[in-house]
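Enquirer: The following block contains the structure, expressed as structure tokens.
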Amino acid sequence: MDTDGPPDGPTPDADGLLAVARNLSRFHREHEKYYSEAPLSDAIALQRIARTITALAERWSTVERATQTSPSPFAGAPDLNDERAIETSGVLFMEGAGEPVEIGRIEYELETQAGRSEQSGEWLAAAMQTSWEVSEALLSYPELADLLAERHRIIGNNWRNAATSQLIARYLRRAVAMIRRVDFTPAALRANLAGERIAAKYLYAAAEMIAHAADLGVESAVLTHEDERRWRIFNERLGAVSGAEHR
């Protein structure tokens, strides 16, 4: 009987398992360093879009519809334009134009980010399912016992981030659907200003969805930052255990 460990201790395949664990600890740790920063960059982009949409909503909630307009088709629409939206995202309403091209670009950016977020969430969820199952084998190593919770917290945090990424995608796609309820042509917007100003209400809702998606991305980055210490100490212990296995 092996007295160096419990009856269900390391098998002849132990070296292979430790090698896999060390590989994951090394490369996935580096992978997470990227994803500790990427959500912050995305969040900044989303906040800029949210500010633009909020600015338009605020403008269209209170401004009076223009009764006299410039004969130049390239003249800016004084009642529809908000300088904050122009400065932040270039959204410019002109008398002789239809929907500003920047609105379409905003929708495209939101849809693109939603697609990236959904894909990364699906991949990460599948990876964490596998990691959870593989990590059960580490219970056979008494030398890792005090760090098993740390390893499982890493997996748990990544699982949460996977769900968060998928939720972000849902928020962004629904925000796009809200934006598309608005007819952004000058004639339609002025008709809206003379009525119940529904356009502003849709935009307020969309901006709130986008801003919350940005907040979720920041929370995801925080969880990833918290895992850095866990990865470090777990990786160091794996190295020590692997060295002992070969002595």
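Enquirer: Put +1 on the Cβ of each Lys and Arg and -1 on the Cβ of each Asp and Glu in the stretch 101-221; which of Asn192, Ala214, Trp132 then has its Cα farthest toward the positive end of the dipole?
Expert: Toward the positive end, the furthest listed residue is Asn192.
Enquirer: Given 0.36 nm per residue, what is the gain on full extension from Ala191 to Ala38 after removing their alpha carbon distance, in nm?
Expert: The span from Ala191 to Ala38 would gain 51.0 nm if fully extended.
Enquirer: Between Glu133 and Tyr108, 0.36 nm times their residue separation minus their Cα-Cα distance comes to what?
Expert: Here the segment from Glu133 to Tyr108 would lengthen by 5.2 nm.
Enquirer: Compute the Cα gyration tensor for the stretch 55-99, then decide on rounded, prolate or oblate, letting a ≥ b ≥ c be the square roots of its eigenvalues: rounded whenever a/c is under 1.5, prolate when a/b is larger than b/c in the other cases, and oblate in all that remain.
Expert: oblate
Enquirer: So if I take the centroid of the Cα atoms in the stretch 194-209 and the same for the stretch 36-110, what is the distance between those two points in Å?
Expert: Here the two parts' Cα centres lie 13 Å apart.
Enquirer: Which residue, Ser220, Ser135, Ser70, tops the fluctuation ranking in a GNM of the chain built on C-alpha contacts under 10 Å?
Expert: Maximum among the listed residues: Ser70.
Enquirer: On a full-extension model of 0.36 nm per residue, what is the gain between His152 and Asp183, subtracting their alpha-carbon distance, rounded to one decimal in nm?
Expert: 6.2 nm
Enquirer: Moving on. Tell me the carbon and sulfur percent of the accessible area for the chain, rounded to whole percent, probe radius 1.4 Å.
Expert: Answer for the chain is 53 percent, counting heavy atoms of protein chains only.
Enquirer: Explain nothing, just the number: dipole magnitude of the stretch 48-109 about its Cα centre with +1 on each Lys and Arg Cβ and -1 on each Asp and Glu Cβ, in debye rounded to the nearest 20.
Expert: 80
Enquirer: Might you tell me the accessible area per residue for the chain, computed with a 1.4 Å probe and given in Å²?
Expert: 54
The values are calculated or read from the model by the stated rules, or taken from the named source; none is laboratory data. This structure is a prediction, so every number in the text was calculated from the model and none was measured. Using ideal geometry, Cβ is built from the backbone for each residue, glycine included, and neighbour counts are taken over all protein chains shown. Just the protein is used for accessible areas: all its heavy atoms, side chains included, with ligands, DNA and RNA removed. Shrake-Rupley method; radii C 1.70, N 1.55, O 1.52, S 1.80 Å.
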